[in-house]
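The values are calculated or read from the model by the stated rules, or taken from the named source; none is laboratory data. If you're wondering where the values come from, they're calculated on a predicted model, not measured in any experiment. Every residue, glycine as well, gets a Cβ built from its backbone with ideal geometry; the counts of neighbours run over all protein chains shown. Heads up: the accessible areas ignore ligands, DNA and RNA and are worked out on the full protein's heavy atoms, side chains in. Shrake-Rupley method; radii C 1.70, N 1.55, O 1.52, S 1.80 Å.
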Amino acid sequence: MTSENAKLREQTAINLRSMTEEDLAAAAGLSKVLGWPHRLEDWEFMLRLGHGLVATLESGEIIGTIMWWSFGERYATVGLIIVNSAWQGHGIGTSLLTTVRRLLPGRSISLNATPAGQPLYEKLGFVPTGIVEQHQGNGVSSPIIALDAGQRMRPVVQYDLEDLITFDNAATGMDRAALVEELVQNAKGVVIDTEDGIRGYSFCRRFGWGWLIGPVAATTAEQAKALISHWIGTHGGEFIRIDTPTSAGLSAWLDEMGLIRVDVVNTMATEPVVISDNAPQYFALTSQALG
């Protein structure tokens, strides 16, 4: 870069504004440059559930993005923080994230950090709270995992919505009613049902290069395996991705199923999410961005 080009960039006004549907094609282009799998439809899905900002040049060109999702009055997640490589080092990522934090007063904010982004997030007060492992591949094994007596797996129906919201709230500690409703309406889902109510759920939807399994929550690891194995069997031979917390303990089993661990990211938060004792466990994320 010549000194004249550097000086020109310093003098260029960079503006932040709300993200709109018309911005999503450009945003998807930025994620594609990074090698991220997000399709335009995936960006549309996430904007329906939340909000975003874009950083633009005076010409209107979009050079940065950020999105966030409020879950009740206490929590929010942030993701899809992207800055065009030609404009990194100009404080754009910092401006995007600090602006969002001002828009979310009083909320604990969490995100999943790539190694490149982690130093910025630490500087802005985020601390590591866990690790998420990304598994993907063409599932080669989907054993039938027996459920305990009195338990059965069945498809999600609209009638399940309120029970699913309650179960998800217990597993995540967050009020994600709008997200659960979106999944019930626009994703495939199954639940583990008993006379005493739902004891586990999992969803599967189109994402990126194939299918994404998540979110998944259950009262036991065996239930979670049964829920995940269902989707591996349903989409055997197709590309499948699942993002699972290391604390869930499923990584080695997923490798055996043909969904190989390919990456890890650090979950970070301004304050940890509070989960009640004896709550169901969260075994797979909705996505790395949504948590």
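Descriptive notes on the structure:
- Qualifying residue in segment 170-183 (condition: among the polar types (S, T, N, Q), modelled with pLDDT of 95 or more and surrounded by fewer than 18 Cβ atoms within 10 Å (Cβ to Cβ)): no
- Any hit, segment 42-51, residues being open to solvent by less than 10 Å² (accessible area, probe 1.4 Å), touching a Gly at 6+ places or on another chain (Cβ under 9 Å) and assigned to a strand (DSSP E or B): no
- Being under 19 Å from residue 82 (Cβ atoms) and at pLDDT below 95 is a property that does not hold for residue 111.
- The single condition among (1) under 18 Å from the mean Cα position of the chain (by Cα); (2) under 21 Å from residue 133 (Cα atoms) that residue 70 does not meet is (2).
- On the stretch given as segment 55-72, residues that are in contact (Cβ under 8 Å) with a residue 40 or more places away in the chain and outside any strand (DSSP E or B) total 3.
- Evaluation of residue 211 against (1) out of contact with any His (no Cβ under 6 Å at 6 or more places or on another chain); (2) buried (at least 20 other Cβ atoms within 10 Å of the Cβ) (one fails), failing number: (1)
- Residue selected from segment 251-264 under the condition in a helix (DSSP H, G or I) and touching a residue at least 60 places away in the same chain (Cβ under 8 Å), by the criterion least open to solvent (accessible area, probe 1.4 Å): 254
- Residue match in segment 232-250 (condition: outside any strand (DSSP E or B), crowded, with 23+ Cβ neighbours inside 10 Å and more than 19 Å from the chain's Cα centre (by Cα)): yes
- Per the listing 35, 50, 64, the residue uniquely over 22 Å from residue 106 (Cα atoms) and modelled with pLDDT of 95 or more is 64.
- Any hit, segment 137-155, residues being in contact with a Phe, Trp or Tyr (Cβ under 7 Å, 6 or more places away or on another chain), open to solvent by 10 Å² or more (accessible area, probe 1.4 Å) and at negative phi: yes
- For segment 110-211, the strands (runs of 3 or more DSSP E) that sit wholly inside it and include 3 or more residues that are free of Cβ contacts under 8 Å to residues at least 60 places away in the same chain and in contact with a strand residue (DSSP E or B) (Cβ under 9 Å, 6 or more places away or on another chain) are 152-155, 188-194, 197-207.
- Complete set of residues in segment 265-278 that are surrounded by fewer than 15 Cβ atoms within 10 Å (Cβ to Cβ) and either among the aliphatic types (A, V, I, L, M) or in a strand (DSSP E or B) (or both): 274
- For segment 75-88, taking the residues that are surrounded by fewer than 17 Cβ atoms within 10 Å (Cβ to Cβ) and of a type outside the set (A, V, I, L, M), the one that is nearest to residue 32 (Cα to Cα) is identified as 85.
- Count - residues of segment 89-107 that are surrounded by 14 or more Cβ atoms within 10 Å (Cβ to Cβ) and in a loop (DSSP other than H, G, I, E, B): 3
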